[in-house]
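Asks: Mind having a look at this structure? Questions to follow.
The values are calculated or read from the model by the stated rules, or taken from the named source; none is laboratory data. Since the structure is predicted, the reported quantities are computational estimates derived from the model, not experimental observations. Because the Cβ atoms are built from the backbone with ideal geometry, glycine has one as well, and the counts that use them run over all protein chains shown.
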Amino acid sequence: MTIDPKAIREMAERYAQAWSSGRPEAVAAFYEESGRIVINDGDPIVGREALTDMAAGFMSEFPGMEVRLDDIRTAGAHAIFVWTLEGKHVETGKQVRVGGWEEWRLSDRVLVAESRGRFDAVEYDRQVAEGI
């Protein structure tokens with residue numbers, strides 16, 4: 001299956017906006033009902049309810065955070081979503097700017113069926129403690 005790369009880019013732009021919206025259910029809406037994500041080889045997060053909870057966790061740690069789309073690469077029904085998250089950590093008050101990516105397998109409805117996400121957790125933890 002091939003999906004129009006323009007449709008994937010538009011979806012990725014809206015996905016980044018959803019992450020910046022403060023509405024975790026808006027992030028989960030970009031996934032199939034049984035969609036899943038694995039972050040840094042952790043346990044799979046499966047289904048919209050769990051995905052909403054995951055997004056809510058990040059949003060509560062970084063109220064008002066911004067997620068930017070840095071790049072999108074497509075190949076048929078697969079894409080790499082390259083992003084930057086920037087925000088102030090709620091507990092430490094430190095400014096954080098961390099980048100990463102998600103490798104997506106998309107459905108024919110241009111929703112995420114499966115995602116494998118990566119970011120530098122050591123650098124993330126350092127910035128939460130010390131700032132940029």
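Condition check ((1) of a type in the set (Asp, Glu); (2) out of contact with any Lys or Arg (no Cβ under 9 Å at 6 or more places or on another chain)) across all residues:
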site: Leu51; (1), (2): no, no
site: Met59; (1), (2): no, no
site: Leu106; (1), (2): no, yes
site: Asp125; (1), (2): yes, yes
site: Ile132; (1), (2): no, no
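Asks: Just to check your reading of the model, which residue among Ala79, Ala55, Ala129 is assigned to a helix (DSSP H, G or I), crowded, with 17+ Cβ neighbours inside 10 Å and of a type in the set (A, V, I, L, M, F, W, C)?
Replies: It is Ala55.
Asks: Oh, and also: Given (1) more than 15 Å from Phe119 (Cβ to Cβ); (2) among the hydrophobic types (A, V, I, L, M, F, W, C); (3) in a strand (DSSP E or B), where does Met11 come up short, assuming only one miss?
Replies: (3)
Asks: Report the residue count in the range 59-79 for those that are in contact (Cβ under 8 Å) with a residue 24 or more places away in the chain and under 14 Å from the mean Cα position of the chain (by Cα).
Replies: Of the residues in the range 59-79, 10 are in contact (Cβ under 8 Å) with a residue 24 or more places away in the chain and under 14 Å from the mean Cα position of the chain (by Cα).
Asks: Take the range 14-48 and flag every residue that is farther than 18 Å from Leu106 by Cβ, small (Gly, Ala, Ser) and outside any helix (DSSP H, G or I).
Replies: If the condition is that a residue be farther than 18 Å from Leu106 by Cβ, small (Gly, Ala, Ser) and outside any helix (DSSP H, G or I), then Ser21, Gly22, Gly42 are the ones that fit.
Asks: Does Ser34 satisfy the condition of being more than 13 Å from the chain's Cα centre (by Cα), modelled with pLDDT of 95 or more and within 25 Å of Glu130 (Cα to Cα)?
Replies: So Ser34 does not fit the description; no.
Asks: Here's another thing I want to ask about it. Looking at (1) surrounded by fewer than 17 Cβ atoms within 10 Å (Cβ to Cβ); (2) closer than 21 Å to Glu33 by Cβ; (3) at pLDDT 95 or above, which one does Thr84 not meet, given that it meets all the others?
Replies: Checking Thr84 against (1) surrounded by fewer than 17 Cβ atoms within 10 Å (Cβ to Cβ); (2) closer than 21 Å to Glu33 by Cβ; (3) at pLDDT 95 or above, the one that fails is (2).
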